[in-house]
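Here is the structure we will look at, set down as structure tokens.
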Amino acid sequence: MKRYIVKRLGFMVITLFIIVTLTFFLMQLLPGTPFTNPEKLSDSQLQILNAKYGLDQPAAIQYFRYIGNLLQGDLGYSFQYEGRTVKSMIIDRVGPSAFIGLQALIFGTIIGLVLGIVSALKHNTILDYGAVTLAVLGMSIPSFVFAALLQYYIGVKLEWLPVALWESYESTLLPSIALSVTVIATVARFIRSEMLEVLGQDYVTTARSKGLGEAAVIIKHVVRNALIPVVTMLGPLAVSIMTGTLVIEKIFSVPGLGEQFTLSILVLDYSVIMGITLFYSALFIFVVFLVDIIYGFLDPRIEYKEGGQV
Amino acid sequence: MTEEILAVTDLHVSFKTQAGMVTAVRGVNFNLNKGETLAIVGESGSGKSVTAKAIMRLLPKHNAQISQGGILYEGQDLLNLSVNDMQKVRGSEIAMVFQDPMTSLNPTMRIGKQIMEGLLKHQKLSKTVAKEKALQMLELVGIPNAKERLEAYPHQFSGGMRQRVVIAMALACNPHILIADEPTTALDVTIQAQILQLMKDLQEKMDTAIILITHDLGVVANMADHVAVMYAGEIVEQGTLDEIFYQPQHPYTLGLLRSMPNLSASRSEPLIPIPGSPPDVMTLGTGCPFAARCPHTMKVCHDFLPKYTHLSDSHTVMCWLQDERTPSAQIPEEVGSVYE
């Protein structure tokens, strides 16, 4: 187990390194400069600016300089905001994204599990069809449509919750609900099909033949086994939701990371783009790793062998 | 000594399918005595497993239906029991062992816990006592290092060992009846023999009656006291082991016996199959279901279903050849000669 973890961590570093390298050089290919209206700047002004940010050096030198700083934990300074470090920008922005994301994830997973489990247990009844229809709608309608509907009905008409802005706990609710629709739909569909599969397994009949009550059979034998694959799916879903979705953050004026990310791409804030990409990738890789470890605890058939393979 | 513990009378089981209702079990009758073994033999699709699951009331609820008949366990009709009362019977009075030990254990639960489940539910034991009992059961079925193995997961066992675990699980609450649905089909031959011996030993120790479902006549010869031969959802012949093996009266039983490999026969001698294939129960006519494959058909066979003819107290056959109205039907002589 220890060897497996060390090995995986090693691979994670290599993966991140590749991502950083690719992003860095791809970014060099983008047309334009980080400076607004460069044509209005004189040559000497440009030279001074380029020298200040190290852009006068060849790409290779810039790259090694960046890697060198990165190894010391330095993500550099923003081009756009004078004197602000990328690190502080990420730290400031990640909170709201993570909060609405986490809230959406918890809410969505619980509702999704209930919906999916009930619909599997009531397979081929109106309840099941209803739940499946809801899930398909939830997956196929973009979340900004729900966001707008929620804002209009709950925010404007009923005035139950604030329409937008980031002021109190109440203002986190609508964005979370809008985000959770995808989670509900995905989780419900997934657990439903897993449940149906497990319900047909011989060991469920065995459990019934022991005289266990239906509730015990469902909880101990069916749901337990159906949940295992759901965990794999939840990991990446969690990352994508917690790191913020641009549209939802924009609609609800949430000062989140997703919003910052697009902004920095639009103005070619090189160091911020690099920083956030790195942060997203690291988080993603780490969650996938975490899921694999959890998987091992949930499913006794998985062993972490000496060689490092699962 | 022969005290009846289970009586199945006129059992009919139907399934809803897309093509309409299919009656998979069509009027099955048999009795089971305390401590004895009844083997139910027949081809795939003859309704053996459905009969077994019907006794346990484990048929899928959404499409299966016991449309007629009774299942009397110690005088009480299981079909009239409430869901709760039936749960009390399952596992504690009647237990079941399934065909494939690779899939009949929960892969994510320690086997000790799986054995304890029934004990906790039926005998209201404390966890420590139940664990002790589970340990005894594992030792009883011959699992080495039983104490450590309680904590193991099913995938850490071989097929034969898993089937031992399944048997331990089934017998944990000392059930009066054990239904074994092809318990050795998924195992290789040497392991088969061990598992059968184990079942026999435990039967003696615990005085359990066994319903053994199989298509392997060799297994039947080893284990059974009584044999019921099923074909197309009906028991076409039943009797004691000797009656079925030495005086088979139904042409189907005869065919089954004849198709068995014979050690004393020369190698060049081919096996004798029953021509044709089992009928589709959806399209069965009014006559004997075996008529189309039977070498001794008469006109009456195609039009009317034969009644049961009682040849002795234990031996019944459902064939026009044995009907008293059939003037002089003679069973072909080869029967006796081949099987002695």
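The values are calculated or read from the model by the stated rules, or taken from the named source; none is laboratory data. All of these numbers come straight from a predicted model, not from anything done at the bench. Backbone-built Cβ (ideal geometry, glycine too); neighbour counts: all protein chains shown.
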- prompt: If you go through region B:99-117 one residue at a time, do you hit one that is touching a Gly at 6+ places or on another chain (Cβ under 8 Å), buried (at least 23 other Cβ atoms within 10 Å of the Cβ) and outside any helix (DSSP H, G or I)?
  reply: yes
- prompt: What are the residue pairs meeting all of these: first residue in region B:34-53, first residue closer than 17 Å to B:E4 by Cα and in contact (Cβ under 8 Å) with a residue 12 or more places away in the chain, second residue aromatic (F, W, Y) and in a strand (DSSP E or B), Cβ atoms under 7 Å, and 6 or more apart or on different chains?
  reply: B:L38/B:F30
message: So, in region B:176-205, exactly how many residues are assigned to a strand (DSSP E or B) and within 21 Å of B:E4 (Cβ to Cβ)?
response: 4
statement: Among the residues of region A:208-225, the number that are within 7 Å of chain B (Cβ to nearest Cβ) and either crowded, with 18+ Cβ neighbours inside 10 Å or within 18 Å of A:G116 (Cα to Cα) (or both) is 8
query: Of all residues in region B:15-43 being over 17 Å from B:L217 (Cα atoms) and aliphatic (A, V, I, L, M), which is surrounded by the fewest Cβ atoms within 10 Å (Cβ to Cβ)?
result: B:A19
statement: Scanning region B:82-95 for residues that are within 12 Å of another protein chain (Cβ to nearest Cβ) and over 16 Å from B:M137 (Cβ atoms) gives B:V83, B:N84, B:D85, B:M86, B:Q87, B:K88, B:V89, B:R90, B:E93, B:I94
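Scan region B:1-20 for residues that are of a type in the set (A, V, I, L, M) and touching a residue at least 40 places away in the same chain (Cβ under 8 Å) and jot them down.
B:I5, B:L6, B:A7, B:V8, B:L11, B:V13, B:A19, listed by residue number.
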task: Scan region B:118-145 for residues that are without any contact (Cβ under 8 Å) to a residue 12 or more places away in the chain and part of a helix (DSSP H, G or I) and report the count.
output: 7
- prompt: If you check A:S240 against the conditions, is it assigned to a helix (DSSP H, G or I), surrounded by fewer than 22 Cβ atoms within 10 Å (Cβ to Cβ) and either more than 14 Å from every other protein chain (Cβ to nearest Cβ) or of a type outside the set (D, E) (or both)?
  reply: yes
- prompt: Name the residues in region B:124-179 that are within 14 Å of chain A (Cβ to nearest Cβ), surrounded by fewer than 17 Cβ atoms within 10 Å (Cβ to Cβ) and under 20 Å from B:P107 (Cα atoms), would you?
  reply: B:E151, B:H155, B:Q156, B:G159
task: Give B:A95, B:A39, B:A52 a once-over and let me know the one that is under 23 Å from B:C173 (Cα atoms), in the same structural domain as B:C173 (by TED's automatic domain parsing) and touching a Lys or Arg at 6+ places or on another chain (Cβ under 8 Å).
output: B:A95
